[in-house]
Amino acid sequence: EPSTEIPYGDSDFVVVANRLPVDRDPDDENRGWRTSPGGLVTAVAPVMKAQEGAWIGWTGVADEDFEPFTIDGMHLSPVTLTSEDVLRYYEGFSNATLWPLYHDVIVPPEYHRTWWDAYVRVNERFAAKVAEVAAQSATVWVHDYQLQLVPQMVRRLRPDLAIGFFNHIPFPPYELFAQLPWRDEILRGLLGADLIGFQRPADAANFRRAVRGRLGYATKGSTVSVPPGDFLPAHLVRAEPFPISIDTPYLEELARDPKILERAKQIREEVGNPRVVMLGVDRMDYTKGIRHRLKAFGELLAEGRLDVEDVVLIQIATPSRERLEQYKIIRHDVELAVGRINGEQVDVGSIPVRYLHHSYPRDEMTAFFLAADVMLVTALRDGMNLVAKEYVACRRRDDGALVLSEFTGAAEQLKGAVMVNPHDIADLKAGILEAVQMDERTRTRRMKQMRKRVATDTVSRWSKNFLAELEHIKDNPESIVPE
Ligand code: ADP
Ligand code: F6P
């Protein structure tokens, strides 16, 4: 239960993200808190639990003011959004303009000036909250595409602070980014930071190219020189890759828990104990390639290359951004595809796709990962994809196979996966079959290799690396001067 005594107003470490790590559960009559959706919260919450500091963000409900509170050892400082902010800043500019633009325009981004105005207004509100909460010379870590103007706004309000920014999603190629009517404002907003982190080297390079192309600033290696007298005092900014990861020790611990292992067995029984259990776990989002995955699976069954007696696909999809048109469309398409595949079966007992449109507690998710022989991650574009890493971390017996889209950040680290191009249904089908038919020795070798990687690249190491570099830059600004 939350307590209301919180030691802040003088925080030395401040995390700023659109969402707090918890949101209000709409189905709970007691108006309780539950874990917020998405990879950002999965990754940053353990960092925050291990460190004193304040987390500034939104509660997920509109038009309601909340006092600061503490939960699970995390001090939370809520920012209020009105219904109009939710419509224009969150659903509009963040998720119908930036999200599709930054994910390769899989669906067309919409550009509306009223949405932009709301984005500026809400970013100002977050920046003002930072200025209020942060102690003298504190470290501020701003997260993700919803808050790209906050670094510049904070630097203006509080030049004493060390400002880091991490982009959890891709940063698009210049030719796409250049569509954005407010491209220069976004670049200037980000350049208020001392250090800007991206998932992949290519994202950092796309950003630096946009800075050179649009603002004409010099870059050398990963350093950008912001010249004097423009929109901020002259300073140097580092833009570099810091691939995010997961809380591996915690997941390994869950994967050893006898209750969770038992539950995994039970899940296999509940789906009829087939030879092969395949699993997909995603937010219900058009970037995740769920339709492509279902198409490939359905064709393999129809062609008899997979046998309905042998295999079951469990597809878990967390409800996400449900009022947006494109999210209604993807849900409709996915449900149609599931219905079609299951409807094609002759035998009343055959249900090849088990579809669950819910979110589950961490223990239950771990049981699903343990129950699955083959994990399908087929995103059309994804900044990282933590699900792929979570599956690997749970496979303590070095068994199981991962089918992984080459368009995820995770593909750069999980080289033991069966790599696929999800746009190419033939390739996707071949990848799924390869994973199903892979001999045990090959599976073990490849999983071992991937497990080693997630054992060393943990989220705690990620945050330590990022924060150490930020501190270094702040303490030794001369050290990043390009010669
Ligand atoms: P994104 O940030 O785009 O949602 P990621 O794969 O990086 O994608 O992170 C998703 C996170 O949400 C993972 O930690 C995953 O385990 C979790 N998750 C996904 N679906 C569910 C669900 N149905 N119930 C609970 N957690 C989920
Ligand atoms: O980067 C992952 C992310 O996009 C977060 O920024 C976001 O909070 C999360 O996924 C879930 O989306 P939403 O907050 O819109 O529910």
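The values are calculated or read from the model by the stated rules, or taken from the named source; none is laboratory data. Bear in mind that the values here come from a model prediction, so they are computed numbers and not experimental data. Here the Cβ is made from the backbone with ideal geometry for all residues, glycine too, and neighbour counts use every protein chain on show. Each accessible area value is taken on the protein alone, full model and side chains, heavy atoms only, with ligands, DNA and RNA left out. Shrake-Rupley method; radii C 1.70, N 1.55, O 1.52, S 1.80 Å.
If I filter region 120-143 down to residues being over 23 Å from F198 (Cβ atoms), assigned to a helix (DSSP H, G or I) and among the small types (G, A, S), which single residue comes out as most open to solvent (accessible area, probe 1.4 Å)?
A128
Failed condition for Q146, given (1) open to solvent by less than 10 Å² (accessible area, probe 1.4 Å); (2) part of a helix (DSSP H, G or I); (3) within 16 Å of ligand 1 (Cβ to nearest atom); (4) touching a strand residue (DSSP E or B) at 6+ places or on another chain (Cβ under 6 Å), with all others met?
(1)
Would you check which residues across region 23-47 are within 15 Å of ligand 1 (Cβ to nearest atom) and open to solvent by less than 20 Å² (accessible area, probe 1.4 Å) and list them?
Across region 23-47, the qualifying residues are D23, S36, V41, A43, V44, A45, V47.
I need a count of the residues in region 315-331 that are open to solvent by less than 80 Å² (accessible area, probe 1.4 Å) and farther than 21 Å from A264 by Cα.
Kept after step one, since they are open to solvent by less than 80 Å² (accessible area, probe 1.4 Å), are these residues of region 315-331: 315-321, 324, 326-327, 329-330.
Checking which are farther than 21 Å from A264 by Cα leaves us with 319-321, 324, 326-327, 329-330.
Counting residues in region 315-331 that are open to solvent by less than 80 Å² (accessible area, probe 1.4 Å) and farther than 21 Å from A264 by Cα gives 8.
Could you tell me which of the residues V353, V334, V338, V312 is surrounded by 15 or more Cβ atoms within 10 Å (Cβ to Cβ) and either touching a Gly at 6+ places or on another chain (Cβ under 8 Å) or among the aromatic types (F, W, Y) (or both)?
Numbers: V353 fails: either touching a Gly at 6+ places or on another chain (Cβ under 8 Å) or among the aromatic types (F, W, Y) (or both); V334 fails: either touching a Gly at 6+ places or on another chain (Cβ under 8 Å) or among the aromatic types (F, W, Y) (or both); V338 fails: either touching a Gly at 6+ places or on another chain (Cβ under 8 Å) or among the aromatic types (F, W, Y) (or both).
Every option except V312 fails the conditions.
Answer yes or no as to whether R88 is of a type in the set (D, E, K, R) and surrounded by 22 or more Cβ atoms within 10 Å (Cβ to Cβ).
Values: of a type in the set (D, E, K, R): yes; surrounded by 22 or more Cβ atoms within 10 Å (Cβ to Cβ): yes.
Yes, satisfied.
Restricting attention to region 337-357, report how many residues are in contact with a strand residue (DSSP E or B) (Cβ under 7 Å, 6 or more places away or on another chain), of a type outside the set (A, V, I, L, M) and within 30 Å of K259 (Cβ to Cβ).
Within region 337-357, the subset in contact with a strand residue (DSSP E or B) (Cβ under 7 Å, 6 or more places away or on another chain) is 338, 341-342, 352-357.
Next, only the ones that are of a type outside the set (A, V, I, L, M) stay: 342, 352, 354-355, 357.
Pick out the ones that are also within 30 Å of K259 (Cβ to Cβ) and you get 352, 354-355, 357.
Residues that pass the stated criteria total 4.
Looking at (1) assigned to a strand (DSSP E or B); (2) of a type in the set (S, T, N, Q); (3) surrounded by fewer than 21 Cβ atoms within 10 Å (Cβ to Cβ), can you tell me which one Q51 breaks?
(1) is the only condition that Q51 fails.
Given the residues S460, S479, which is the only one that is under 25 Å from the mean Cα position of the chain (by Cα), at pLDDT below 95 and part of a helix (DSSP H, G or I)? Can you show your working first?
Values: S479 fails: under 25 Å from the mean Cα position of the chain (by Cα).
S460 is the lone residue from the list that is under 25 Å from the mean Cα position of the chain (by Cα), at pLDDT below 95 and part of a helix (DSSP H, G or I).
Surrounded by fewer than 21 Cβ atoms within 10 Å (Cβ to Cβ), assigned to a loop (DSSP other than H, G, I, E, B) and touching a Ser or Thr at 6+ places or on another chain (Cβ under 6 Å), is that true of P159? Break it down into steps so the answer makes sense when it comes.
Working: surrounded by fewer than 21 Cβ atoms within 10 Å (Cβ to Cβ): yes; assigned to a loop (DSSP other than H, G, I, E, B): yes; touching a Ser or Thr at 6+ places or on another chain (Cβ under 6 Å): no.
Spelling it out, it is not the case that P159 is surrounded by fewer than 21 Cβ atoms within 10 Å (Cβ to Cβ), assigned to a loop (DSSP other than H, G, I, E, B) and touching a Ser or Thr at 6+ places or on another chain (Cβ under 6 Å).
Only residues in region 21-45 that are on the phi < 0 side of the Ramachandran plot count as the first member; pair them with residues that are more than 10 Å from ligand 2 (Cβ to nearest atom) and polar (S, T, N, Q), Cβ under 7 angstrom, at least 6 apart or cross-chain, and list the lot.
Filtered contacts from region 21-45: P21/T35; V22/T35; D23/T59; R24/T59; P37/S359; V41/T35.
Sort out which residues of region 220-235 are within 18 Å of D203 (Cβ to Cβ) and open to solvent by 40 Å² or more (accessible area, probe 1.4 Å), and write them in order of number.
Keep residues of region 220-235 that are within 18 Å of D203 (Cβ to Cβ), which gives 221-224.
Scanning region 220-235 gives a single hit, G221.
Suppose the filter is open to solvent by 10 Å² or more (accessible area, probe 1.4 Å) and touching a His at 6+ places or on another chain (Cβ under 7 Å); does H168 pass it?
Values: open to solvent by 10 Å² or more (accessible area, probe 1.4 Å): yes; touching a His at 6+ places or on another chain (Cβ under 7 Å): yes.
When the stated conditions are applied, H168 passes them.
Could you run through region 267-295 and say how many residues are under 24 Å from E440 (Cβ atoms), away from ligand 1 (no atom under 15 Å from the Cβ) and in a helix (DSSP H, G or I)?
Number of matching residues: 2.
Considering only residues that are within 16 Å of ligand 2 (Cβ to nearest atom), outside any helix (DSSP H, G or I) and not small (G, A, S), which ones fall in region 318-375?
Those that are within 16 Å of ligand 2 (Cβ to nearest atom), outside any helix (DSSP H, G or I) and not small (G, A, S): T318, P319, R321, E322, R323, L324, H357, H358, Y360.
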